[in-house]
Amino acid sequence: MASSPSLPASASADPPRAPARPSRRDGLDVLRAVAILAVLAFHAPSHARDALPGWVRSGFAHGWVGVDLFFVLSGYLIGRQVFGPEEPGGVGANLRVFWTKRWMRTLPLYFLVLAAYALKPWTFGTPFVGGGWHYALFLQNFTLPRDFEQSWSLCVEEHFYLLLPLAAFGLGGRRWPAFAWLLPAGLSLLLRFVVRATLPEGLEPSEAWVRLQWPTFQHLDGLCAGVFLAKTADTWRRWPTIPRALCGALGLAVVGAMLGAFGSRLDGPGGVWIISGLTVGFSGLLVAMESVQLPPLARGPVYQVSALSYGAYLWFGPVVRVFERRLLAAPPVLVLGAFLTVTLALSWVTYRAVEQPCLRLRDRLLARFTRAGQGVAPTTSG
């Protein structure tokens, strides 16, 4: 289909502006804040965590599910971008805008934290265990990293950021039926079955679990479910409040059932199924929470934790190492509070010094792309 000619920038009534960022949704901020707090609880300093009452320790021990909640959220948010209005200029323009948005958001802070790990031998006198060039290419999730371990999930995300727009814009995936976006989730489930059946004997349970979940193509469930929700959003957003609330209640029930049934047996068959189950549960929760509006007093703190979640996820590793080495002689609640405060404070510093300047640069680049697109001379035929 032929596109209509573009007007030169000087001919428009208003100056071109960078594409507006989608308005924030309180419910998604709540889910993002819950996800990062769960992850921080799971990775909290061990000496403080072990001193807590048993029922609290049990809750902290399941905090790793925050990563799977992040995957569903991320798939939904980038799916909204993919299924939004296309950029003028065809496939190349759409790819350029997509990757500029994603990589200017994720790469600068990642490489800053990676540099901090690489400098550990000189700053802390400890080695960067397993470090190497593969960290720069986001391949460490295939090598089972022993340091900067949390970066395995960033590898999955970055690989997805690379493949998703190629499928959506290059292969016409925007026109595919919604269920097609769930097929990679089925592939991940199948691959986990295959890997589980071929694991060497005698592996530690923790090592068996990471071999099931860390490689990219074995953990596409949540991201693909999020894209599916973005593709079908025009349908479920019109649902009345009660059906959406029931989706959330069912989602929480599924998450609880998965953790109850398989949470202590992740190295066995449960590790194959639990990722799929958590994906279903968190998808239902997202449907319920997406339109939730918070009271004004709660909106600010939730937004702050949500905005700092990326930095907190990257920085918690070095922070917890310092806390565990110092073995602070203080009540566990105070140690955990200090750990949370220091992690969020460090995240706030790099949010202001690195993330926000890079987002402003991103907006300038996007505005430049918009001006270039509007300045294309019209094409005439015959």
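Read the figures in this text as sums done on the coordinates, not as results from a lab. Not measured: the values here are computed from a predicted model. Every residue, glycine among them, receives a Cβ derived from its backbone with ideal geometry; neighbour counts consider all protein chains shown.
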Fluctuation leader among Phe148, Phe71, Phe128 - the chain, Gaussian network, Cα springs under 10 angstrom: Phe128
Among 32-41, 156-165, 190-199, how do they line up by average Cβ neighbours within 10 Å per residue, starting with the highest? 32-41, 156-165, 190-199
Largest to smallest principal axis extent of the C-alpha atoms in the chain, angstrom: 77, 47, 45
Pro127: net charge of surrounding residues, Cβ under 11 Å, Lys/Arg +1, Asp/Glu -1, itself excluded? +1
Using only Cα atoms, find the angle between the long axis of helix 65-82 and the longest principal axis of the chain, and express it within 0 to 90 degrees, rounded to the nearest 10. 0
Find the all-direction average of the projected area of the Cα convex hull for the range 119-163, expressing the result in square nanometres with one decimal place. 3.2
Net charge of Cβ neighbours under 12 Å - reference Asn141; Lys, Arg +1; Asp, Glu -1: -2
Going residue by residue through the range 294-302, the Karplus relation 6.51 cos²θ - 1.76 cosθ + 1.60 with θ = phi - 60° gives ³J(HN,Hα) values, rounded to whole Hz and with x marking Gly or Pro, of 8, x, x, 5, 8, 4, x, x, 5
FRET efficiency estimate (nearest 0.05) - Cβ-Cβ, Ser291 to Ala136, R0 41 angstrom: 0.55
Tell me the volume per residue, in Å³, of the convex hull enclosing the alpha carbons of the range 68-208. 139
The ratio Rg/Rh over the Cα atoms of the range 50-120, Rh being the Kirkwood inverse mean 1/r radius, stands at 1.20
Can you tell me how much longer the chain between Ala353 and Val322 gets when fully stretched, taken as 0.36 nm per residue apart minus their C-alpha distance, in nm with one decimal? 8.9 nm
I need the peptides 209-218, 296-305 ranked by packing, meaning the mean over residues of other C-beta atoms within 10 angstrom, with the highest value on top. 209-218, 296-305
Centroid-to-centroid separation of the range 79-140 and the range 268-282 [C-alpha atoms, Å]: 27
Relative to the compact-globule scaling 2.2 N^0.38 Å, provide the ratio for the alpha-carbon radius of gyration of the range 212-337. 1.33
Here the gain from full extension of His47 to Trp176, 0.36 nm per residue of separation minus their alpha-carbon distance, amounts to 41.4 nm
Between helix 356-374 and the chain, what is the angle of the helix's C-alpha long axis to the longest principal axis, kept within 0 to 90° and rounded to the nearest 10? 20
Per-residue [θ]222 nm for the chain (sum of -39500 (n - 2.57) over DSSP H runs n ≥ 4, rounded to 500): -20500 deg cm²/dmol
Taking the chain as a Gaussian network, where each spring joins two C-alpha atoms under 10 Å apart, which residue of Arg326, Arg175, Arg364 fluctuates the most? Arg326
Which residue, Leu31, Leu366, Leu171, tops the fluctuation ranking in a GNM of the chain built on C-alpha contacts under 10 Å? Leu171
Note down the nm distance, to one decimal, between modelled labels 7 Å out along Cα→Cβ at Trp236 and at Ala329. 5.3
Return a whole-number percent for the relative contact order of the chain, with Cα pairs under 8 Å and 6 or more residues apart as the contact set. 32
